[in-house]
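See below for the structure under consideration.
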C-alpha cells in the first residue's frame, strides 16, 4: 500500500513571502509545494505527499493552540498516515511551529511524525524527547541532506521498523534511555573504561551526567547612584490570582509585572506559585522573596539610582533548560531596551 | 541569569544554596537566609527581618559594583 | 537528639510514635512535607528511599528528621540534595493507582517500619526493648 | 593468597537414587535433600524441584541463587559463619565448584515479592539463571514463625544444600582449574609496581530486614569499611540476605562469581596492579553514608591506589552512597568507574538515578529496570504461583487473558545485575 503523507511548511518555503507575510493563516494545498518535491522524490513509491500545509510563522506563534486545532481539523479529512514538518533549520518560530504541530499530531492522531532542525534551534531542546528531529545545517543549504533522512525516518516508522542510534539514523539525540545488549559484560566494560581513564585516553561513559556552560562575568556597575536596577525572581512571585497562569513547576512561561508606584508587596497583592517549596512564608510576606519594600527604601535613600518599574518572575522548579534559556534571553533583551544597568535575581 | 550576564548586564544571584548557584554558573552570588524565605526570617520580629533584608540588598548592590574575573561569593 | 527529631510518615504503623507528623497521602506528600522541613533547617537522618522498593510500587515512606542544632535556618546541603533528588526521582516514576489486598499492604507497612526502627533505636528515639525483635541478623 | 578453583561442569540435572555427579550430570535424591533440612524446625516443609535451561518453567518468587561450592583443601569451608567455621580464613587452597548448576531458593516472606526466573522464552534472555541447571528449594514456614527467623532459615538452607551438592563431587576430576593469586600488597615485584594500582570498592546492600548482606556471618550494616581479599569472595565470604528488588540484587551466586574481580584478575600484571577489594555498605542513615564513604576512600588512599571500580546493589538509597564514594575518591585524585542500573521510567525519559554528580563521568550502565517485558504463560510454575498474580495483578505488571504477564524488567531476577554480570545495558537515543 502507498502511505499518505502530509507535509508542513511555513510561508517562506511555500513561496508566499518573507517576514511581511508571516501572519499568513493555516491553509491546506493539494499535492506538493516547494521542498515537498524533494520529499516526494525521496519517499519514492512507498508514500505519496497528498497535501501540503502552509502557515505563517507569526500566525502560528501568536495563535499556537488555535493553529494546531485548525490544522488538525484540516488534516483529518485527508486521513494522513504520517506528517513531515520542515526542515526548519535554525528558524526559531518555524522550529517551534514544526515541533508543536508534530507533537500535537502524534498525540492526537497517533500517526508517525518527523521534523528537521539545526541542533541549536530552541525548539530542539523542547521537543527532542517527544519527536524524532533530523539534524540539519543552520540554513536551507542543508535541504538536500535533510530530506532523504526525513523520508527514511518516516518510512521506517510507518513500516514499524525499529530505529537505530541517532548517529546512524541522522536524528538529534532525544535523551531517551533504551535498553540494549552490548557485546561484553558490564564488569569487563568497567575495567576497560578504568584502564582508559587511568591512561588519560578517551572513554565514553554509558550514562552521561548533565553538564553546565559558563559565562564570563559582566562588567561592574561604575556609578551606582545613577544606575537603574531591576528585580527578577525565580521564586514565582506573581500578582494575586496568577494572571498569566504560570505553572508551579516545569514552567513554560514567565511573567512581566509592573511595580510602578508600589511600595511593598502584601498577601493581598502578591503570592507565590512556585511548587518547589513551602509557600507559607512567601505568601505571608512576598517581600521575603522579592524584596520590594527595602528596595524602595534604598532607592529613596539614594543607595542606587532608580528601580526599574517592572519585575520579572519565573518558577525555577523543574523548568527545562531550553525554556529557562529562552526566558533569560527575552528578559535580557527587554531589560537592555529599558536601559537597566544591573539585576538583582532572587531565588528560593 | 547567564543570559543576562551574556548581554553584559551585571546580575547578582541572591539565593540560599550557594553550591547550586555555583553549578548553574552564577558569577555574583549573595547567600540568603532560607529557601522558602530567602530575604526574610519569619522567626524574627518584623523590624529585625527588614534589617536582614536590607543587609542582603546592600550586599547585592556591592556585588554589582565589584569588578570580578570569576565566580565570587559575597558573604558576610 | 531525641527531643528535636521528627518523623514524617504515611505509614499507619508509625503513626502512634511520639513526634510523628502523619501525612495522609502518597509518598510524594511525605517527601514534600520533609522537603519543607529541610528547607527551614532540618536535617535528614534516614534516607527516604530506604528499602529497595521501586518508587512506582512504593506505598509507604517514613523519614526521620532532626532539628538543626544551630539557630536560624541553615539548610543542610546533604539533606537538601537527598530530598530534592529523591523527589525528582519519585515524581518521574509512574505511581500506578494499584489496588492491593490488605495482606500486601500490611506487609509493606511492616517492612517500612522494620527498616526505620533500627534507626529510631540508634538515635535513642525508641528504646532498645521496643525493638528487641528486630535487628537480629541470623 | 592463592586459590585454585576446580570447576566441575554440570550439563544436566536428573532425579536419582543417590545424590551424585556423573558424566557432567548432577543427580538429585530428594530424600537426602529433605533430610538435610528436616532438622530445621522453622520450616513446615521444603519441596525440591528441578528446572533445566529451555524448559517451559517459571520459578517465583526467587529469594537467592547459590552456586554449589565446597573446600577441598585449605582453611575453613565455604560460606564462613554459616557453613564453614570462622576460625581461619577462606580464600586459599582449593575450592570445588559445580559450574552450570545452581541452588535456587524460593520462599514467600512478604505478601509482595518479585523474583521471576523463566527457563525459556523472552524472560529467559534477561536472567542469567535461565542458563543454569537449577535445584529449586521451595520453603513453607511454620505458621508462627517470625519473619526475621524465617528469612535466616531460608538463607542457611540454601547455603547448606549448595555445599552438600558440591561435596558429592569431591572425587570427580575437574573440567577446568582456574588459578587466582595475588601477592602481598607491600611485597609486589618491580614490574607490578610500574602498573597503575587499582582497587575494587564493593558496596554491600545493608538497609535492614530483607535487605542485608553478610560477611563471614557478620551483618554488613554493622561493619566499618574494610579490606577483603578477592579470593575470600570466591569462597562465599559474602552471602546475600537481600530479598527485594529482583533485577538488581546481587545473589550469592553472583558474589561467588564476582565478575568485577574476575575482570580485574584478567588484567592484573598486564595493564593494572590489582590491589584488592574494599567492602563498604549502604546504610539508611546519612551519618553512616558520610562516615563510610569517607572511610572507604581513606582506605583507598592508604593503599595508594590510582583507580577504583565501584559497584552498588539496589537503587535509590544506595545511589547516594555510590555518588558519595565516587565524589570523594575523585576529589582524592583516584579515578573512578561506576557500575549501576537505571530507573529511567518505562519510556526511558525520566531521570535514571536518585543522585548525580559531575564527578561521575565514567559510568557503566547495566540497563533500565522499568521497561515492560511480556512473559508468555509457562507449562509449570515452581514456587508460589499466586505471586505471579500479585506481581501481575497491577503491582508491577498486568495479567493477560491468555495467562501471559507483562511486567517491568525489575521483576526478573538478575536482569540488571549491578556487578556487571551480563551484557545488558542502556544507551541514549
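The values are calculated or read from the model by the stated rules, or taken from the named source; none is laboratory data. The model shown is predicted, which means the values in this text are computed figures rather than measured ones. Virtual Cβ from ideal backbone geometry, glycine too; neighbours counted across all protein chains shown.
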Selection from the range D:396-422 of residues assigned to a loop (DSSP other than H, G, I, E, B) and in contact with a helix residue (DSSP H, G or I) (Cβ under 7 Å, 6 or more places away or on another chain) yields D:396, D:413, D:414, D:415, D:416, D:417, D:419, D:420, D:421, D:422
Practice prompt. Please work out if residue A:338 is within 17 Å of residue A:260 (Cα to Cα), in contact (Cβ under 8 Å) with a residue 24 or more places away in the chain and more than 8 Å from chain B (Cβ to nearest Cβ).
Written response: yes
Note to self: With the structure loaded, tell me whether residue A:161 is more than 30 Å from residue B:61 (Cα to Cα), more than 10 Å from chain D (Cβ to nearest Cβ) and modelled with pLDDT of 95 or more or whether it fails that test.
What the structure shows: no
Residue count, the range A:95-124, condition under 12 Å from the mean Cα position of the chain (by Cα) and either more than 13 Å from residue A:71 (Cβ to Cβ) or free of Cβ contacts under 8 Å to residues at least 60 places away in the same chain (or both), comes to 10
Take residue A:221 and tell me if it is in contact with a helix residue (DSSP H, G or I) (Cβ under 9 Å, 6 or more places away or on another chain), farther than 30 Å from residue A:124 by Cα and more than 7 Å from chain D (Cβ to nearest Cβ). yes
Reported set for the range D:361-392 where residues are away from chain C (no Cβ under 13 Å), closer than 30 Å to residue C:77 by Cα and in a loop (DSSP other than H, G, I, E, B) is D:361, D:362
Within the range B:43-68, the count of residues that are outside any helix (DSSP H, G or I), facing chain A (nearest Cβ under 7 Å) and out of contact with any strand residue (DSSP E or B) (no Cβ under 9 Å at 6 or more places or on another chain) comes to 1
Checking B:24, B:30, B:12 in turn, the sole residue that is farther than 15 Å from residue A:287 by Cα and more than 7 Å from every other protein chain (Cβ to nearest Cβ) turns out to be B:30
Scanning the range D:141-156 for residues that are closer than 18 Å to residue C:106 by Cα, assigned to a loop (DSSP other than H, G, I, E, B) and in contact (Cβ under 8 Å) with a residue 40 or more places away in the chain, the one nearest to the other protein chains (Cβ to nearest Cβ) turns out to be D:145
Those residues of the range C:23-41 which are in a helix (DSSP H, G or I) and either in contact with a helix residue (DSSP H, G or I) (Cβ under 8 Å, 6 or more places away or on another chain) or under 13 Å from residue C:58 (Cβ atoms) (or both) amount to C:27, C:28, C:29, C:30, C:31, C:32, C:34, C:35, C:38, C:39
Note on the range A:292-330: residues more than 28 Å from residue A:174 (Cα to Cα) and either facing chain B (nearest Cβ under 9 Å) or assigned to a loop (DSSP other than H, G, I, E, B) (or both) are A:293, A:294, A:295, A:297, A:298, A:302, A:303, A:304, A:305
ask   = Has the range D:226-237 got at least one residue that is buried (at least 24 other Cβ atoms within 10 Å of the Cβ), under 23 Å from residue D:114 (Cα atoms), at pLDDT 95 or above and touching a helix residue (DSSP H, G or I) at 6+ places or on another chain (Cβ under 9 Å)?
value = no
Across (1) touching a helix residue (DSSP H, G or I) at 6+ places or on another chain (Cβ under 7 Å); (2) at the interface with another protein chain (Cβ under 9 Å from one of its Cβ atoms), residue A:179 clears everything bar (1)
If we keep only residues of the range D:183-213 that are surrounded by fewer than 22 Cβ atoms within 10 Å (Cβ to Cβ) and part of a loop (DSSP other than H, G, I, E, B), then the residue nearest to the other protein chains (Cβ to nearest Cβ) is D:196
